[in-house]
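Values in this text are rule-based calculations from the coordinates and carry no lab data. Here the structure is a predicted model, which means the values were calculated and not measured. For neighbour counting, all protein chains shown are included, and Cβ atoms are generated from backbone atoms with ideal geometry for every residue, glycine included.
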Amino acid sequence: MPISVLNFLRIASENNILIKDGRVFESLSQVDTIVFDKTGTLTEEHPHVGKIYTFNESNENELLKYAAMAEYKQVHPIAKAILKKAHEQKLSLPKIDYASYEVGYGIKVNYSNKLILVGSINFMEMEEIAIPEEMKNIKSDCDEHGYSLVIVAIDNQIKGAIELRATIRPEAKNIINELRQRNMSIYIISGDQESATKQLAHELGIKNYFANTLPEKKAHLIEKLQKEGKYVCFIGDGINDSIALKKAQVSISLHGASAVATDTAQILLMDKSLNRLSQLFDLADELNTNLNIGMLTTTIPGIMIIGGALFLHFGIVTSIILSYSGLTAGMLNSMLPLLKHHSNNWEQSKINSN
């Protein structure tokens, strides 16, 4: 049995799954509830540009160019999303003469005798810029769907806005469907507003979610699910997920997540994605089957030896043969998954080379 566990740990590591303790395999086979942290786990770190709204005879590329130009030297996720869209549109970004960044609000830029402001609606109001009623309606609609809105103004006149949406991991929907086929209950926990969390849950087809959740409350929600009789696997990657990771029966994080999360989690997905999640549960089921077969290879020869000695007058030679036959079968059973895994990898590499 220890050889079986070691072999499955090796198979997992060769598939970019780091399991810190072999005992977690047993826990994995009992999991019936998966709880995902939203940001960084189901979604990527950076959002992406959705719609671009224009006012006062401006056009989308012009608006995007001004916004990207203002955000050019910034490193926060919103700036990276806008710059990525500008590069996709192959827009040339001129150098700016002056920039002033108001933390948490927006940025001011001087370019070609124009004062360009890029930021939130609060930033525009703080700069005493009139907000059109249509822009307020767009902001309300974005808030309802959980989107962010970056407004662009030139010379104190609103020229438009850029909608930013959370970027769902490309593999998330398939993984959720595979977990649902295992009859698992799926939850989302997020510190974001309910509208954003609800929108993500709707897109992924998840009915259960918790929004506006403080870090310490995440652990309480895990405990609540456990008291309801659920066996919980929590998947998170942030510093504020560490307590919830510790409370869950099984904890999983992604390689490259916060140091606290990777230290606390029992399992790390080394390819920085959720792609291996379903395979992880498959390995747990295969190990459980392998251990059951291993138990039979141990107990059946023992029963035969004792029964044969009592009722069939087995001699010592027959008993030794049965004992070593059981040992050999047990060793073969322990090594078979590893041999099968290496054989599959060799066949796959052969196909790829051809």
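Listed values, structure above:
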| item | result |
| --- | --- |
| Separation in nanometres of the label points that stand 7 Å from Cα toward Cβ, at Lys207 and Leu93 | 4.5 |
| Overall form of the range 11-85 per C-alpha gyration tensor (a/c, 1.5; a/b vs b/c) | prolate |
| Distance cut-off 25 Å, percentage of C-alpha pairs in the chain lying past it | 64 |
| Relative packing of 166-174, 84-92, which averages over residues the other C-beta atoms within 10 Å, highest first | 166-174, 84-92 |
| 0 to 90° range, to nearest 10: angle between helix 133-145 axis and the chain longest Cα axis | 10 |
| The chain: angle of helix 277-307 to the longest principal axis, Cα-based, in degrees nearest 10 | 10 |
| Likely footprinting exposure, Thr318, Thr264, Thr213, Thr289, fewest C-beta neighbours within 10 Å first | Thr289, Thr318, Thr264, Thr213 |
| Ranked His341, His76, criterion: other C-beta atoms within 10 Å, fewest first | His76, His341 |
| Fully extended contour minus Cα-Cα distance, from Tyr105 to Leu327, at 0.36 nm per residue | 72.9 nm |
| Burial order of peptide ranges 66-75, 200-209 (average beta-carbon count within 10 Å, highest first) | 66-75, 200-209 |
| Pairs of Cα atoms farther than 20 Å apart, the range 48-165, % | 34 |
| Approximate spin-label separation Glu26-Asn177, in nm, with each point projected 7 Å along Cα-to-Cβ | 3.6 |
| Cα-based helix-to-principal-axis angle, 77-88 vs the chain, degrees rounded to 10 | 80 |
| Neighbour-count order for Val232, Val24, Val118, fewest beta carbons within 10 angstrom listed first | Val24, Val232, Val118 |
